[in-house]
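The structure appears right after this line, and notes come after that.
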Amino acid sequence: MTISGKELSARLKADMAAEVAAFPARYGRVPHLAVILVGEDPGSVSYVTGKAKASAEVGIRNTTIRKPADIAEEELLGIIAELNADAEVDGILVQLPLPKHISEERIIAAIDKTKDVDGFHPLNVAALWQKQPCTLPCTPKGIIKMLKAAGVEIAGREAVVIGRSNIVGLPVAKLLLDENATVTIAHSRTRNLAEVTRRAEILVVAIGRPKFVTVDMVADGAVVIDVGVNRDPETGKLCGDVDYAAIEPKASVITPVPGGVGPMTICCLMENTIECFLRKQK
Ligand code: GUN
């Protein structure tokens, strides 16, 4: 079975649109998401465009601020300070990666944690690891939603995450642990990777290498979640980190690329923006 993130996110966005439609009468305005894009990396441009499109679908106000790749860190910090101080901005997202001369750590830490719709601020990360209420990072949150929507049992099962990034690998491992899976995090230095991944009843792949996971690395009936968004070097088309065509017949559940995890990430960003907005209304 293929889990369509595209279809699931469309349903969730329709529900959110109905919810947001009632906000002007109730709160006097709609949620407002500010997105900052530095430079013109094609992947980042496409993500930011997708975020603006989803905002329009849900009825969220979107301000996208585009700045050249050579912007000074201080100028970027100035923009964030203004957005932090603006009572009509509920969510702030700085598209990553940033150019090398800018410290991502400094930029993320400068965002007001109550407007941190990515869940990347150190205080939100700390809250996640201490099981305190927090804004959950969008991709991991979307992955758990997909597993639940597909009726996948998580508790007690063997989950393997390939990748240990702050954006996906580490937080998705923590969320799977919170769902009571037995979690292994594999990475570039893991020995006998195929042996480790074959143990997985749930395999989450977030490494950013086209078709890196081959059919021999996957157990019969495994649930395979593909977070990768790559260009296939042979066809030039978008492809994931797993060899979808070969693995789909062997997996019990698999997510496609495109149309899998990606739309769910954006959907969860919309949800996080609404959550940040509602928290302020109390
Ligand atoms: N770059 C890749 N994924 C993400 C994400 O979830 N948020 C931000 N801000 N940048 C990203």
Q) Which ones in segment 43-53 are within 13 Å of the ligand (Cβ to nearest atom) and either without any contact (Cβ under 8 Å) to a residue 60 or more places away in the chain or touching a helix residue (DSSP H, G or I) at 6+ places or on another chain (Cβ under 9 Å) (or both)? A) SER44, VAL45, SER46, TYR47, VAL48, GLY50, LYS51
**Q.** Selection within segment 170-225 - closer than 20 Å to ASP243 by Cβ and either of a type in the set (Gly, Ala, Ser) or in contact with a Pro (Cβ under 8 Å, 6 or more places away or on another chain) (or both)
**A.** ALA186, SER188, ALA194, ALA200, ALA206, GLY208, PRO210, ALA219, GLY221, ALA222
Q.
So the check is Cβ under 7 Å with 6+ separation or different chains; which pairs have a first residue in segment 18-40 that's touching a residue at least 40 places away in the same chain (Cβ under 8 Å) and a second one that's among the small types (Gly, Ala, Ser) and part of a helix (DSSP H, G or I)?
A. LEU33/SER55; LEU37/SER44
Q: State which residue pairs qualify: first residue within 13 Å of ASN166 (Cβ to Cβ) and inside segment 122-138, second residue more than 13 Å from the ligand (Cβ to nearest atom) and of a type in the set (Gly, Ala, Ser) in any location, beta carbons under 7 Å apart, and separation of 6 or more residues or different chains.
A: PRO122/ALA109
Q: Please list, ordered by first then second residue, the pairs with beta carbon atoms under 8 Å, 6 or more apart or interchain, first in segment 94-115 and more than 10 Å from the ligand (Cβ to nearest atom), second open to solvent by 30 Å² or more (accessible area, probe 1.4 Å) and basic (Lys, Arg).
A: THR114/ARG279; THR114/LYS280
Q | Boolean, ILE79 is away from the ligand (no atom under 14 Å from the Cβ), surrounded by 15 or more Cβ atoms within 10 Å (Cβ to Cβ) and assigned to a loop (DSSP other than H, G, I, E, B) | A | no
(Q) Looking at LEU177, LEU147, LEU203, LEU128, can you tell me which residue is open to solvent by 50 Å² or more (accessible area, probe 1.4 Å), at pLDDT 95 or above and either within 16 Å of the ligand (Cβ to nearest atom) or under 28 Å from GLU7 (Cα atoms) (or both)? (A) LEU177
Q: Evaluate segment 265-280: report whether one residue or more is within 17 Å of the chain's Cα centre (by Cα) and not in a helix (DSSP H, G or I).
A: no
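The values are calculated or read from the model by the stated rules, or taken from the named source; none is laboratory data. On a predicted model such as this, the values are computed, not experimentally measured, just so you know. Neighbour counts are summed over all protein chains in view; Cβ atoms, including those assigned to glycine, are modelled from backbone coordinates with ideal geometry. To get the accessible areas, we keep the full protein, side chains included, count just its heavy atoms, and leave off ligands, DNA and RNA. Shrake-Rupley method; radii C 1.70, N 1.55, O 1.52, S 1.80 Å.
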